[in-house]
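Q: Below is one structure. I have some questions about it.
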């Protein structure tokens with residue numbers, strides 16, 4: 001995958017245009033003229049695969065885990081109510 005490098009002048013023009021259209025012209029004079037490029041680090045295919053699955057599975061597991069914790073907490077609370085003779 002080849003990286004495309006944009007000329008710094010085009011980036012500044014786009015940023016200044018957006019500031020002008022938003023009515024915020026004060027930032028144009030404060031903005032530095034140098035844009036630092038920080039490309040992402042290349043990953044091995046194995047690491048990419050692990051991160052892809054982690055990004056898909058981790059949120060699902062967190063939601064399921066939270067649901068199980070709430071379910072168990074509600075069950076124990078209902079059990080305490082039953083022991084006190086209250087209706088759940």
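The values are calculated or read from the model by the stated rules, or taken from the named source; none is laboratory data. Because the structure is predicted, anything quoted here is derived from the model rather than measured. Neighbour counts run over all protein chains shown; Cβ positions are idealised from the backbone, glycine included.
Q: Just need a number here: residues in region 11-36 that are at pLDDT 65 or above and surrounded by 10 or more Cβ atoms within 10 Å (Cβ to Cβ).
A: 11
Q: I would also like to ask the following. With the checklist (1) modelled with pLDDT under 70; (2) surrounded by 11 or more Cβ atoms within 10 Å (Cβ to Cβ); (3) assigned to a loop (DSSP other than H, G, I, E, B) in hand, flag the one item residue 43 doesn't pass.
A: Among (1) modelled with pLDDT under 70; (2) surrounded by 11 or more Cβ atoms within 10 Å (Cβ to Cβ); (3) assigned to a loop (DSSP other than H, G, I, E, B), the lone unmet condition for residue 43 is (1).
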